[in-house]
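K.L.:
This structure is in structure tokens; I'll ask about it shortly.
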2 protein chains.
Amino acid sequence: MTEAEFLAALRTLPLHPGARGLLDDAAVLEADGAFVLTHDTMVEGVHFLAADPPESVAWRIVAVNLSDLAAKGATPVGVLLSYPLHPEAEWNARFLQGFGEALEALEVTLLGGDTVSAPGGAARSYGLTAVGRAPACGAPSRSGARPGDRLWVTGHIGDAGEGLAIAKGERIGPDSLTRRYLRPLPRIRFGPDVAPHVHAMMDVSDGLLIDAARMAKASGLALSIDLGAVPLSRDLLAVREDGRDLRLAAATAGDDYELLFTAPPAADAAIRARAERDERAVTVVGEFAAGEGLTLAHDGAPVPLPPRLGFEHRG
Amino acid sequence: MTEAEFLAALRTLPLHPGARGLLDDAAVLEADGAFVLTHDTMVEGVHFLAADPPESVAWRIVAVNLSDLAAKGATPVGVLLSYPLHPEAEWNARFLQGFGEALEALEVTLLGGDTVSAPGGAARSYGLTAVGRAPACGAPSRSGARPGDRLWVTGHIGDAGEGLAIAKGERIGPDSLTRRYLRPLPRIRFGPDVAPHVHAMMDVSDGLLIDAARMAKASGLALSIDLGAVPLSRDLLAVREDGRDLRLAAATAGDDYELLFTAPPAADAAIRARAERDERAVTVVGEFAAGEGLTLAHDGAPVPLPPRLGFEHRG
């Protein structure tokens, strides 16, 4: 598959009108409000396994970027893809398949990008820039938490980490968990909807504990997290015994792409009402107070911080 | 140098206000008109030499993207950088140096991006997304040329190609030519200024002939180019003998990052007046007509098309 053939295939995917059919040198985006921009790069052997299905690599590069948009309350507008052509035509075709599925499912269109040839044998890296429309209330930062705020998290934590271990052959478990690693579902609707109610928001990509600790530090506050409240899925509880070890593993595993946000107790009802609309789990897992540092508890007893709170060097 | 140290160094560079100090997960761009977005990736061994100075790699990733913005008449607003951390701290420091110099000189600020660790030994690739403000007249496409339009090019053609050959040790020549390869100067002011007068515009990155042929094809027109008119610099003419061979070499070498645009003869005066303002060369090198295909002439005699019009597989 040549670059021209790859480009021709890209043109059959959902394109943004401003993409100019991928026939020009740049995309044009008509403005009608503020935009949110984010870029994530995924490197083979660092952010995904060399053996991961190409469809999943494509899906994840879209999903992880849209998760960053959702965390800013932004509605996806378009993406620009940086793609190193793979020597195997089938790999490229399967990447395109997963990329198209992600664009369709996550309701975003292709704006542009760059397809490059890459020397054989090199570790591949895939980059995506995502553009979203900022919410009318303004894009929440990770530093806006206030004393007394509750720390909320969407969905379930730890499934993707277990799924990754299954994909690596380290553990045995159902496909539903592997799928949570291979095909994360960013909270593209919930993020914009909840944005007006939050003081701070970010996504959980490196691990609940490390990401929450970053939020507390950026906000200049102390944060206590109740491990007992960390929401675990039935799928995970079916293959792992509940307890402090599992909860620490889940809260430090990463790749969840759930939303982490803070809001005052007065916003509880509005947040729960929004979550009920699409039967999403949304859970209070902690509380902010004046001071600094992260403290953990489980069943009312203090738990020492683990040596590793999540992925520290993923960039 | 860790990712945290690299990020801390990035924070000392000129940042866009919407970058939120590179402390949040995404950038926010207030809109006041349409934006132009472009992304270019540069791969070691494909788009630059492994031995190129890190400062130049950094400069070029900014310059080639701003050249695409200029070709759409867009004024630079901000860039997002995808950077694989280099195992040598000095390499990172020198990249940062060149990157900062490019941001300053090319009058653009950093909006965000992603710094990733990369497995050792892999060919590195650097990505940049550039955002610009679209011109009020609308961003010209590469497909807008009309019959009777003249084909114009800015500056000189072929210096960068000669500079690359010197950098590779294939030829001997002055630093001024090498610098045209290592530190291209995109036409960031001329592009927006000339945009209201053009029918079509793009930049010369893969070679004058191949890029002009793409413009003619996209516009559904025939194009004749006079090799004798291709503007060559005094520096180039000092080391190479003028003639058809040099002119073909210059017009197929690439890496010029000059602007290629079309306009009706009635726009001649306005274009020349704008060029005189900053003493820039701007030259008519061809003419469009109904039909299709590229034809070449030199000193009034037809010249057969060379087998290679420029870089075809650079993406």
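K.L.:
Accessible surface of A:T12 in the full protein assembly, 1.4 angstrom probe, to the nearest 10 Å²?
P.N.:
110
K.L.:
Please turn the phi angles of the stretch B:288-300 into ³J(HN,Hα) values with the Karplus equation 6.51 cos²θ - 1.76 cosθ + 1.60 (θ = phi - 60°), one per residue in order, whole Hz, x for glycine and proline.
P.N.:
Karplus values, whole Hz, x for Gly and Pro: 9, 8, 4, x, 8, x, 10, 10, 10, 9, 8, 6, x.
K.L.:
Then there's this: Residues with amide H under 5 Å of A:V303's amide H, sequence separation 5 or more or different chain, H placed in the peptide plane at 1.01 Å from N; which?
P.N.:
A:L296, A:A297, A:H298
K.L.:
Now, a different point. What does the charge dipole of the stretch A:199-315 about its Cα centre add up to, to the nearest 20 debye, if the Cβ of each Lys and Arg holds +1 and the Cβ of each Asp and Glu holds -1?
P.N.:
160
K.L.:
Select from B:T154, B:L85, B:L182 the residue farthest towards the positive end of the dipole of chain B; place +1 on Cβ of Lys and Arg, -1 on Cβ of Asp and Glu, and compute about the Cα centre.
P.N.:
B:T154
K.L.:
Along the Cα→Cβ direction, 7 angstrom out, place labels at A:L237 and B:E90. What is the inter-label distance in nm?
P.N.:
With each label placed 7 Å out from Cα toward Cβ, I get 5.8 nm.
K.L.:
Moving on to the next point. How much accessible area per residue does the protein assembly as shown have, in Å², with a 1.4 Å probe?
P.N.:
37
K.L.:
I would also like to ask the following. Under the rule of at least 5 residues apart or a separate chain, name every residue whose amide H is placed under 5 Å from the amide H of A:E258.
P.N.:
A:V204
K.L.:
A further question follows. Taking all protein chains as present, what is the carbon and sulfur share of the accessible area of chain A, in % to the nearest whole number, probe 1.4 Å?
P.N.:
Ligands and nucleic acids excluded, carbon and sulfur give 51 percent.
K.L.:
Still on this structure: Just to be sure I understand: of the beta bridges DSSP finds with both ends in chain B, what percent are antiparallel, rounded to 5?
P.N.:
70
K.L.:
Moving on. Any idea what angle helix B:208-219 forms with the longest principal axis of chain B, computed on alpha-carbon atoms, 0 to 90 degrees, nearest 10?
P.N.:
Tilt of helix B:208-219: around 80 degrees.
K.L.:
Which residue fluctuates most in the GNM of chain A (Cα springs below 10 Å): A:A58, A:A263, A:A281?
P.N.:
Maximum fluctuation in the GNM of chain A, among the listed residues, is at A:A281.
K.L.:
Nearest 5 is fine: what % of DSSP beta bridges in the stretch A:10-125 come out antiparallel, could you say?
P.N.:
10
K.L.:
Can you list, shortest first in nanometers, how far B:E279 lies from the same residue in the other copies, with each label 7 Å from Cα toward Cβ?
P.N.:
Ordered by distance, the counterparts are at 7.4 nm.
K.L.:
Below 16 Å, Cα to Cα, which aspartates and glutamates can B:K168 reach? Residues fewer than 8 away in the same chain don't count.
P.N.:
B:E44, B:D52, B:D159, B:D255
K.L.:
For the stretch A:241-296 and the stretch A:150-208, compute the distance between their C-alpha centroids and round to whole Å.
P.N.:
11
K.L.:
Suppose every Lys and Arg Cβ carries +1 and every Asp and Glu Cβ carries -1, with no other charges. What dipole size does the stretch A:120-179 come out with about its Cα centre, to the nearest 20 debye?
P.N.:
With only Lys, Arg, Asp and Glu charged at Cβ, the dipole is about 240 debye.
K.L.:
Another one. Among DSSP beta bridges lying fully in the protein assembly as shown, give the percent that are antiparallel, nearest 5.
P.N.:
Around 75 percent of the beta bridges assigned by DSSP in the protein assembly as shown are antiparallel ones.
K.L.:
Rank these by accessible area, largest first, 1.4 Å probe: A:R308, A:R150.
P.N.:
A:R308, A:R150
K.L.:
List the residues of the stretch B:279-315 for which accessible area in the full set of protein chains is at least 20 Å² lower than for the chain on its own; 1.4 Å probe, protein heavy atoms only.
P.N.:
By number: B:H313, B:G315.
K.L.:
Okay, next question. Accessible area drop of at least 50 Å² (1.4 Å probe, protein heavy atoms): which residues of the stretch B:133-173 qualify, relative to the chain alone?
P.N.:
For the stretch B:133-173, once contacts with the other chains are taken into account, B:R142 lose 50 Å² or more.
K.L.:
If you plug each phi of the stretch A:179-187 into the Karplus form 6.51 cos²θ - 1.76 cosθ + 1.60 with θ = phi - 60°, what whole-Hz ³J(HN,Hα) values come out, in order, with x for Gly and Pro?
P.N.:
Per residue, the Karplus-derived 3J(HN,Hα) values read 5, 5, 7, 6, 9, x, 10, x, 8 Hz.
K.L.:
Taking B:K72 as the anchor, which aspartates and glutamates have their alpha carbon closer than 16 Å to its alpha carbon, excluding any fewer than eight residues away along the same chain?
P.N.:
Straight-distance partners of B:K72: A:D24, A:D25, A:E30, B:D40, B:D193, B:D203, B:D211, B:E258.
K.L.:
Say the dipole of the stretch B:85-145 comes from +1 at the beta carbon of Lys and Arg and -1 at that of Asp and Glu; which of B:A102, B:S117, B:V131 then lies farthest toward its positive end?
P.N.:
Final value for the positive-end residue is B:V131.
K.L.:
Also, quick follow-up: Which order do you get for B:I210, A:I172 if you rank them by accessible area with a 1.4 Å probe, largest at the top?
P.N.:
A:I172, B:I210
K.L.:
Another question, then. Kindly state, to the nearest 0.05, the FRET efficiency for A:L185 paired with A:E312, given R0 = 41 Å and r defined as their beta-carbon distance.
P.N.:
0.95
K.L.:
Run through the stretch A:12-90 and list the GluC sites (Glu not before Pro) located in a DSSP loop whose Cβ has at most 14 other Cβ atoms within 10 Å.
P.N.:
A:E30, A:E88
K.L.:
Rank B:D25, B:D193, B:D68 by mean-square fluctuation in a GNM of chain B with C-alpha springs under 10 angstrom and give only the top-ranked residue.
P.N.:
In the Gaussian network model the winner is B:D25.
K.L.:
Let me ask something else about it. Given H placed on each backbone N at 1.01 Å, which residues far from A:S141 in sequence or on other chains put an amide H within less than 5 Å of it?
P.N.:
For A:S141, whose amide H was placed from the backbone, the distant partners under 5 Å are A:M201.
K.L.:
A follow-up question, please. Please arrange B:M1, B:M215 by accessible surface area, largest first, computed with a 1.4 Å probe and ligands excluded.
P.N.:
Per-residue accessible area, sorted high to low, gives B:M1, B:M215.
K.L.:
Given the whole protein assembly as supplied and a 1.4 Å probe, what does the accessible area of B:L237 come to in Å², nearest 10?
P.N.:
70
K.L.:
Still on this structure, I have one more. Dividing the Cα convex hull volume of chain B by residue count, how many Å³ per residue is that?
P.N.:
132
K.L.:
Classify the stretch B:145-192 as rounded, prolate or oblate from the Cα gyration tensor: take a ≥ b ≥ c as the square roots of its eigenvalues, call it rounded if a/c is under 1.5, otherwise prolate when a/b beats b/c and oblate if not.
P.N.:
Prolate.
K.L.:
Using only protein heavy atoms and a 1.4 Å probe, report how much of B:E101 is accessible, in Å² to the nearest 10.
P.N.:
70
K.L.:
Still on this structure, I have one more. From the residues B:A26, B:A50, B:T38, which one has its Cα farthest along the dipole of the stretch B:7-51 in the positive direction, the dipole being from +1 and -1 charges on Cβ of Lys/Arg and Asp/Glu about the Cα centre?
P.N.:
Farthest towards the positive end: B:A50.
K.L.:
At a probe of 1.4 Å, how much accessible area disappears from chains B and A on forming the pair, both sides counted, to the nearest 100 Å²?
P.N.:
In total, chains B and A hide about 3900 Å² from solvent.
K.L.:
Taking the Cα centre of chain A as the origin, how large is its charge dipole in debye, to the nearest 20, when only Lys and Arg (+1) and Asp and Glu (-1) carry charge on their Cβ atoms?
P.N.:
Magnitude of the dipole: close to 540 debye.
K.L.:
To continue, here is another question. Among A:D268, A:D255, A:D24, whose mean-square fluctuation peaks in a Gaussian network model of chain A (Cα, cutoff 10 Å)?
P.N.:
Maximum fluctuation in the GNM of chain A, among the listed residues, is at A:D24.
The values are calculated or read from the model by the stated rules, or taken from the named source; none is laboratory data. On a predicted model such as this, the values are computed, not experimentally measured, just so you know. Neighbour counts are summed over all protein chains in view; Cβ atoms, including those assigned to glycine, are modelled from backbone coordinates with ideal geometry. Only protein heavy atoms, including side chains, enter the accessible area calculation; ligands, DNA and RNA are left aside. Shrake-Rupley method; radii C 1.70, N 1.55, O 1.52, S 1.80 Å.
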